[in-house]
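The values are calculated or read from the model by the stated rules, or taken from the named source; none is laboratory data. Worth saying up front: this structure is predicted, and the values here are computed from it rather than measured. With ideal geometry, Cβ positions are generated from the backbone for all residues, glycine too; neighbour counts draw on all protein chains shown.
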Amino acid sequence: MQRRSFLKGSGTVIVVVVGGGVWRAYDEGVFSVGEGPAYQPWRDWQNEKDGSLALVRAAILAASPHNTQPWLFKVTDKQIELYADTRRYPGALDPYLREQHIGLGCALENLTLAAAANGYNATATLLPGKLQPVPSNPQPALVAHVDLSPGNRQTSELYDVIPHRHTNRAPYDLLNPVPVDVTDALIGLTNEEPEVKIFLFNSESGRNRIIDLVAKANKEVYADPEVENGSQRWIRWDWSDIQKYRDGLTVDAFGLPPVTTAIIKFSPKRLLRKFAPRGNGDPYADLLRATPVFGLIAVRDRYDQEQCLRAGRIWQRAHLLLTSRGVAARPINEAVELIDHERLRNQEPRTSAQLADLTHDATWQPTFMFRVGYPIRPALASPRRPVKDVII
Ligand SMILES: Cc1cc2nc3c(=O)[nH]c(=O)nc-3n(C[C@H](O)[C@H](O)[C@H](O)COP(=O)(O)O)c2cc1C
């Protein structure tokens with residue numbers, strides 16, 4: 001729970017720094033935010049000489065759970081196959097790889113936006129399937145292919161903001177409401193989708209119910225040591241690890257104030273664990289309170305592979321749309337993760353009943369939740385593995 005609480009809270013971190021800090025500050029990337037090979041993919045994502053490989057450069061900048069980047073691509077001039085790299089997932093937090101498939105849908109969305117911008121007509125085919133508990137020796141699995149043919153170059157607002165979309169985990173400004181044209185545009189994203197629907201909540205009562213539900217789910221799901229351990233494997237505390245693995249969650253992306261971020265980065269990690277922020281009350285609930293609009297993406301069957309991919313495409317589109325309007329967003333998925341948890345353990349499906357209560361329509365199954373608002377500070381980029389590491 002300790003490591004996760006940095007991510008969740010924005011409370012004060014009290015750290016006693018015992019001398020010798022400056023060299024550590026260099027070592028831990030305090031002065032090199034967003035630099036080094038781990039961040040290079042954000043800079044060289046457009047290369048016209050790449051042919052269809054340019055599409056993969058855009059795809060790898062997509063969102064993924066815990067920044068696991070669970071994708072592999074087989075690329076020719078005429079087709080790109082998208083595989084799930086089923087080894088890359090945060091363990092018991094995603095026991096059916098439901099979130100992994102949503103992340104793959106995010107990559108697919110960037111890929112198809114980039115196809116149009118690079119002069120291709122693209123037809124995406126999503127492969128059907130039912131998600132099952134992860135086998136002990138998971139193998140890469142084909143989930144979609146995109147067929148390419150020459151077309152007109154068409155950039156779009158959403159394509160242009162691909163390198164500016166970052167998950168923003170800071171508080172949002174409650175005095176600056178999200179304009180109705182933005183919320184309408186979000187809702188409109190699923191108008192043509194028979195199996196995916198966006199719900200938004202901005203009333204005080206709706207927001208309070210979500211804050212309560214998500215904050216409680218966070219405590220409950222992370223109380224399971226298997227979940228906590230699976231999640232921690234993807235938290236990259238050390239700058240050298242970030243540059244080596246180029247994935248996972250980093251302190252820079254926690255959404256904390258810059259000074260707090262710097263202190264955490266150059267402090268010995270033993271000390272940090274001891275002084276992890278606790279504060280009074282629940283810092284995650286406090287953070288959630290600083291949210292003018294909550295939303296969720298629902299599908300007809302949350303364990304249907306194709307619908308997971310479609311939900312991911314919608315999230316990526318939604319986040320790009322918000323980015324293009326200067327509005328921040330962050331997924332907050334603990335309640336849906338708790339649904340997986342209850343299902344795997346054959347427990348009463350309490351949490352899915354609570355979410356159905358919220359949407360007033362049990363025929364839609366929430367699979368992804370998020371918060372939206374104008375941020376009090378910008379979000380920073382997260383690391384990415386290079387294209388050569390994800391091509392098979
Ligand atoms: C399916 C899915 C679930 C996610 N759940 C959460 C979450 O519960 N909390 C959170 O802070 N971020 C969540 N994220 C955001 C990822 O951590 C983020 O996309 C990843 O770290 C890469 O960072 P970026 O989005 O800034 O590029 C989720 C992303 C996806 C695709």
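Here are some notes:
- Number of positions in region 332-355 that are assigned to a loop (DSSP other than H, G, I, E, B) and surrounded by fewer than 24 Cβ atoms within 10 Å (Cβ to Cβ): 5
So that you can scan it fast, the table gives a plain yes or no per residue for (1) touching a Phe, Trp or Tyr at 6+ places or on another chain (Cβ under 7 Å); (2) at pLDDT 95 or above; (3) in a helix (DSSP H, G or I); (4) surrounded by fewer than 18 Cβ atoms within 10 Å (Cβ to Cβ):
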| position | (1), (2), (3), (4) |
| --- | --- |
| Ile242 | no, yes, yes, no |
| Thr260 | no, no, yes, no |
| Ile263 | no, no, yes, no |
| Arg273 | no, no, yes, yes |
| Asn280 | no, no, no, yes |
| Asp286 | no, yes, yes, no |
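- Checking each residue in region 180-211 for being over 18 Å from Cys308 (Cβ atoms) and in contact (Cβ under 8 Å) with a residue 24 or more places away in the chain picks out Val182, Thr183, Ala185, Leu186, Leu200, Phe201, Asn202, Gly206, Arg207, Arg209, Ile210, Ile211.
- The conditions of being in contact with a strand residue (DSSP E or B) (Cβ under 8 Å, 6 or more places away or on another chain), more than 29 Å from Ile80 (Cα to Cα), of a type outside the set (Ser, Thr, Tyr) and assigned to a loop (DSSP other than H, G, I, E, B) are not met by Ala362.
- Total residues in region 377-392 satisfying the condition of being part of a loop (DSSP other than H, G, I, E, B), within 16 Å of the ligand (Cβ to nearest atom) and hydrophobic (A, V, I, L, M, F, W, C): the figure is 3.
- Top-ranked residue of region 128-147 - restricted to ones that are surrounded by 12 or more Cβ atoms within 10 Å (Cβ to Cβ) and over 23 Å from Arg343 (Cβ atoms), ranked as farthest from the ligand (Cβ to nearest atom): Asp147
- Residues that are among the β-branched types (Val, Ile, Thr) and surrounded by fewer than 19 Cβ atoms within 10 Å (Cβ to Cβ) within region 148-166 comprise Thr155, Val161, listed in sequence order.
- Subset of region 151-183 (residues that are closer than 16 Å to Gly326 by Cβ and aromatic (Phe, Trp, Tyr)): Tyr172
- Residue that is nearest to the ligand (Cβ to nearest atom), among those in region 50-98 that are among the small types (Gly, Ala, Ser) and not in a helix (DSSP H, G or I): Ala63
- Of the listed requirements (1) within 24 Å of Gly230 (Cβ to Cβ); (2) out of contact with any Gly (no Cβ under 7 Å at 6 or more places or on another chain); (3) buried (at least 24 other Cβ atoms within 10 Å of the Cβ), Ala329 misses just one: (1).
- Yes/no for Gly105 being out of contact with any Pro (no Cβ under 8 Å at 6 or more places or on another chain) and either more than 10 Å from the ligand (Cβ to nearest atom) or aliphatic (A, V, I, L, M) (or both): no
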